Amino acid sequence: MFRKSSLNVNRLTQQKGSALVLAIFIIVVMTLLGTALVRMISTNAETIVYEVIGTRAYQAAQAGAQRKLREIFPLSSASSTCPVAPSTYSFVNTEGLKGCEATVIVDCKLYQTVNNITYYTVISTGKCSVGEVLTSRTIEIDARSL
């Protein structure tokens, strides 16, 4: 009977420190998993920021192209004119587009088609910057006189 209890004591003295090694291993693994999770969350947040600012730049380009088309085809007259000079529109006071601008270039082309219809190409580039993030989107719209 005494031998069994002495054997149990010997086994306990031989296993001292194994729990410490296991605890350190678990702490290291959990730290690595936590670091990876934080890195993934940070990357996802940065991707969302670029997507939102890119959408704002696209909307700025769209708004700039629409303003230029309004100049080409005014409601007050039946004739269309082609402004040669490129225009720059700022959206500083526009809600949702603060920090954005649109550079609009209008290229007028006359093709020899039926009734001498004039075709216009409007190229608009919207640029938005928030902090150090700068994005731009370019759209091209084709229009024709009636």
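Readers should treat all values here as calculations from the given coordinates under stated rules, not as data from a laboratory. Every value quoted in this text rests on a predicted model; they were computed, and no experiment measured them. We place every Cβ from the backbone using ideal geometry, glycine too, and count neighbours over all the protein chains shown.
What FRET efficiency do you get for LYS98 and LEU37 if R0 is 30 Å and r is their Cβ-Cβ distance, rounded to the nearest 0.05?
E between LYS98 and LEU37, to the nearest 0.05, is 0.35.
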*Would you list VAL133, VAL21, VAL122 from fewest to most Cβ contacts within 10 Å?*
VAL21, VAL133, VAL122
*Of the listed peptides 88-98, 58-68, what is their order by residue-averaged count of other C-beta atoms within 10 Å, with the highest listed first?*
58-68, 88-98
